[in-house]
């Protein structure tokens, strides 16, 4: 099981640095609609961390880009290792709370340990077992891991396959999941190469 106390300030500062590197790479590319330059156009987020982490002000902005050409203004939001799509909880919270829920037999114990409502964690568990298993990152990761991760034990069966301490394993999984975090930047996985 993952001890949430292992994922502290340095862990989140590392995630912030990775997201900064990703947005810098994405800003060097032209707008996919008109070829114009992309400029920073971050937008506010109000992420939740349950009772697991303390969310700093650094997490209240989602890094994004916007085309500079008048009439286009296409938004390109690159992948993120901090956020997991439109979920209001941080990506690390989704992973840790799901792992804790899987490891505990009593729902009340999982809620007490994470601060995330049981209903929310159950929804995440359905996602891990359902639509996540058809996503490109899971298919790609499953092809690399032999034998394939146990679907009934996701995300734990993925975390167990990565090397390093708990924080490193969560960070690696967040990197693999980052392409799921956006739809406005297709092929965003290329922006992740070599950032971790």
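Of all the criteria given as (1) out of contact with any helix residue (DSSP H, G or I) (no Cβ under 7 Å at 6 or more places or on another chain); (2) at pLDDT 90 or above; (3) surrounded by 12 or more Cβ atoms within 10 Å (Cβ to Cβ), the one not satisfied by residue 28 is (3). On the given criteria, is residue 142 farther than 14 Å from residue 95 by Cα, free of Cβ contacts under 8 Å to residues at least 12 places away in the same chain and out of contact with any strand residue (DSSP E or B) (no Cβ under 6 Å at 6 or more places or on another chain)? Criteria met by residue 142.
For region 77-88, the criterion of a residue being at pLDDT 90 or above and surrounded by fewer than 18 Cβ atoms within 10 Å (Cβ to Cβ) is satisfied by no position.
It is to be established whether one or more residues within region 52-63 are in a loop (DSSP other than H, G, I, E, B), crowded, with 21+ Cβ neighbours inside 10 Å and free of Cβ contacts under 8 Å to residues at least 60 places away in the same chain.
Looking through region 52-63, at least one residue is in a loop (DSSP other than H, G, I, E, B), crowded, with 21+ Cβ neighbours inside 10 Å and free of Cβ contacts under 8 Å to residues at least 60 places away in the same chain.
On the stretch given as region 96-130, residues that are farther than 12 Å from residue 50 by Cβ, in contact with a helix residue (DSSP H, G or I) (Cβ under 9 Å, 6 or more places away or on another chain) and either touching a residue at least 60 places away in the same chain (Cβ under 8 Å) or part of a helix (DSSP H, G or I) (or both) total 11. All told, residue 184 meets the bar of being in contact (Cβ under 8 Å) with a residue 40 or more places away in the chain and either farther than 30 Å from residue 28 by Cα or not in a helix (DSSP H, G or I) (or both). Here residue 19 fulfils each of the conditions (1) under 17 Å from the mean Cα position of the chain (by Cα); (2) part of a loop (DSSP other than H, G, I, E, B); (3) within 19 Å of residue 182 (Cα to Cα) apart from (2).
The values are calculated or read from the model by the stated rules, or taken from the named source; none is laboratory data. Computed from a predicted model, the values in this text were never measured in an experiment. Positions of Cβ are backbone-derived with ideal geometry, glycine not excepted, and every protein chain shown enters the neighbour counts.
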